[in-house]
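Everything on this sheet refers to the single structure shown next.
The values are calculated or read from the model by the stated rules, or taken from the named source; none is laboratory data. Because the structure is predicted, anything quoted here is derived from the model rather than measured. Note that we place each Cβ from the backbone using ideal geometry, even for glycine, and neighbour counts take in every protein chain shown.
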Amino acid sequence: MKRVAILISGGGSNMLALVRDMAGDHPARPVLVASNDPSAGGLAKAAALGLPTAALDHRSFPGREAFEDALAEKIDAASPDILCLAGFMRILTPGFVRRYQGRMLNIHPSLLPKYPGLHTHARALAAGDAQAGCTVHEVTADLDAGPVLGQARVPVRPNDTEDTLAARVLIREHLLYPAVLRRFATGDRRPVVLP
């Protein structure tokens, strides 16, 4: 059984999708939910499910490396096999990425390699794209550039706003991320493509 730590910065909707899927015959179980923001709503949701949580306010550390060292201590104490970034809004240093290389996943709200970084829905709309979607990828030192492990698409509608498009993509995120983690936890790195 693989052990999974989940890193969040906000409400934790993708974390909840992952946790709810990790039951029954699933090859993994959640062992920690950690956040860089002590007020992140997802921490209370995780605690309500009986999951261990950790909160480290990145603003209280003298620099990125000091924060990451403290975060790594919390992560390593839980002995996870896999780390899932689920709305974790911190760019990680190459040193932190190397520490967990090959076992750290992230979900991103675009069809990578299109639109790495922020404001993905606004960029898709501005470009006049016919489709948008989400991607789960392995985390590498280059932002949103690791090997793709899964994608799901949604059509862009003529009357879409950033909010309406984001809401439809989020529904697909909640299906894609659990499907990828389930496969990844068995050692299978073939990309998942949701219809």
Out of all the residues in region 52-60, is one or more surrounded by 13 or more Cβ atoms within 10 Å (Cβ to Cβ), in contact with a Leu (Cβ under 8 Å, 6 or more places away or on another chain) and among the hydroxyl-bearing types (Ser, Thr, Tyr)?
yes
Look at residue 168 and say whether it is touching a residue at least 12 places away in the same chain (Cβ under 8 Å), in contact with a helix residue (DSSP H, G or I) (Cβ under 8 Å, 6 or more places away or on another chain) and more than 27 Å from residue 80 (Cβ to Cβ).
no
Filter region 3-35 down to residues that are among the β-branched types (Val, Ile, Thr) and farther than 22 Å from residue 59 by Cβ and give me whichever is surrounded by the most Cβ atoms within 10 Å (Cβ to Cβ).
4
Working only within region 159-192, note down all residues that are assigned to a helix (DSSP H, G or I), surrounded by fewer than 21 Cβ atoms within 10 Å (Cβ to Cβ) and touching a strand residue (DSSP E or B) at 6+ places or on another chain (Cβ under 7 Å).
168, 172, 175, 179, 183
Yes or no: region 129-141 includes at least one residue that is among the polar types (S, T, N, Q) and in a loop (DSSP other than H, G, I, E, B).
yes
Screening 5, 23, 46, 34 for residues that are within 22 Å of residue 176 (Cα to Cα), part of a loop (DSSP other than H, G, I, E, B), among the aliphatic types (A, V, I, L, M) and modelled with pLDDT of 95 or more leaves only 23
